[in-house]
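The values are calculated or read from the model by the stated rules, or taken from the named source; none is laboratory data. All values derive from a computational prediction rather than experimental measurement. Backbone-built Cβ (ideal geometry, glycine too); neighbour counts: all protein chains shown.
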Amino acid sequence: MATRAKNLPTLDGHALIAAIAAGNRALEHNRDMINALNVFPVPDGDTGTNMTLTVRAVIKDAQSRADPSASVVAAGMARSALLAARGNSGLILAQFFKGIAGATNGHHAIDADVLRRGLRLAVDAAYRAVPDPKEGTMLTVFREAAEAAEASSSSDLVDVWGCAAERARSAVGRTPEMLDVLREAGVVDAGGFGFAALLMGGLAHLRGESDGELTLKVPGFEVASALGVNISTEFMQKAGSETWGYCVSFAIEGEHLSPDEIRAHAAVIGKSCVVAGDEHQVKVHLHSESPGEVLVYGVGLGVLSNISILNMDEQQKEWSDKRASGAAPGGHGSPSAPEPRRSLPVSIAVIAVVAGDGLQKLFIANGLGACSVVHGGDTMNPSTGDLVSAVEAAPSNTVIILPNNKNVVGTARQIASLTPKRVSVVPTVSIQAGVGALLAFSPDQTLEANLRAMQAAAGEVRAGAICRAIRSSTVDGRSVSEGQVMGMIDGHLVAVGDHLEEVAANMLGAYRSKADLLTVYRGQGATRPEAERLVRTLSQRLPGTEIEIVDGDQPNYPYLFSIE
């Protein structure tokens, strides 16, 4: 294992990127845990994902810069963090990069004093960004980390970073003492946990101990994994009874913008507001029951970009349902850029939300030259901005969106009001229904005829899925033990057991008379020989049913089944 020199006085731009990249590996590694802790301000299980994607975008942009100056790199990080920030936690985290950039301005490298100053500026910016700061949140962890750095007299940058990181970690353990909602739910603050993970991952790299991929332990809150996070029943019931509205975020580009005035107005028309930026560019995040009102206000100030509108009621329900089903409350993967515009125009373009290389290729191949994909699905829903970008890049002014997930349908329906193009949605709630809908698409038919045919085809498909329970629970009235295989049809538990092939056969046996064609989509975690063995078992149990295998490479589910 590598070790560092006794003193590391400075970080240039490239070393800063490496430290932040290691921090993001810690965020990635602890993402499920952070998502599972996410109960404030909305229990929707996306804090870890939002923070990870925010920092990932920062690193990607920074790595494209050749200048080794810390001043140049830090300024670029601050700009990309502001634009890429996802959710409340992402925009607050962007203030960390803003603080580092402010302190580094004019410096080729970051030393211990610059780091101290950067953390203090980050704290000040973060508290200003929120109209009603709450202690016991990510803000508290920011502040205590900065105070620890300021209290250190060391000239060794790693020592100062270490003081900040360790204090951040210990501060996370005290957050339930400061915020009632955390104490009621029995968790620590998710955003603070994520920030501590970022600092601890960077510290492990700077010390030469690891590449940052570490499991964060919080004093007073020792849990082995996300599955060890037990939210109180009372809190879960209370959360499920509330109306949360929409999470709206966007960037405004204009002249003479006033972040303070925008923040004050945002606090009037919404909740959980975070507003940051300068006179030329401002990023807005808030929660509202009327997202249209929020966007109209933003349009009146300048040009909008990076628009995201997420239905928090759906997110909260998904978070609760996953806990009830024993599925992980978070996941891996992220939205990617849409496919590039094609050179030949088409009369109607189709955009499908798909996860898995094999499934993406399947959609494009069966789209008759009209289909492009946006990466996303369970635990990695694309934002409104991702879908708007895909629509704008589509080679037609008439676009059909296949969301292929129940939690993406609402977002897809928002797109028509955000683009001059004519956008329609076939509300597919599974990948299997999306494939069926796409196979009914014809570029020679009118939009109305295609919508009728695609919706009818999607409705004829039954969607099966196999996954393993990662905690013991009761699902659809049936007891499921941790590690058992669950067989789901259209989201309902049909079979459960210890052996995958047996569960799949029992699940599909209930549809024996209805299945003329069965398509098995092999996902990550299942090999081709295993899939072929499964098909042989199914062929014996389902005589007369035509069965084919497609290498889908989808995450989360070793097998998906399309029953037609």
Q | Hits in the range 177-206 (condition: touching a Leu at 6+ places or on another chain (Cβ under 9 Å) and assigned to a loop (DSSP other than H, G, I, E, B)) | A | Val187, Val188, Asp189
Q) Does Ala22 meet the test of being farther than 21 Å from Arg169 by Cα and among the aliphatic types (A, V, I, L, M)? A) no
Q: From Ala94, Ala26, grab the single residue that is in contact with a strand residue (DSSP E or B) (Cβ under 7 Å, 6 or more places away or on another chain), under 29 Å from Arg183 (Cβ atoms) and touching a residue at least 24 places away in the same chain (Cβ under 8 Å).
A: Ala94
Q. Quick check, is Thr47 at pLDDT below 90, within 17 Å of Ser249 (Cβ to Cβ) and touching a Lys or Arg at 6+ places or on another chain (Cβ under 6 Å)?
A. no
Q. For residues in the range 260-272 being surrounded by 20 or more Cβ atoms within 10 Å (Cβ to Cβ) and under 21 Å from Thr137 (Cβ atoms), which is modelled with the lowest pLDDT?
A. Ser272
Q | Evaluation of Gly186 against (1) more than 25 Å from the chain's Cα centre (by Cα); (2) on the phi > 0 side of the Ramachandran plot (one fails), failing number | A | (1)
(Q) Out of the residues in the range 122-159 meeting the condition of being without any contact (Cβ under 8 Å) to a residue 24 or more places away in the chain and aliphatic (A, V, I, L, M), tell me which one is farthest from Ala94 (Cα to Cα). (A) Ala151
Q: Check Ala495, Ala416 and return the single one that is of a type in the set (Gly, Ala, Ser) and part of a helix (DSSP H, G or I).
A: Ala416
Q: Taking the options Ser80, Ser154, name whichever one is surrounded by fewer than 24 Cβ atoms within 10 Å (Cβ to Cβ) and either in a helix (DSSP H, G or I) or in contact with a Pro (Cβ under 9 Å, 6 or more places away or on another chain) (or both).
A: Ser80
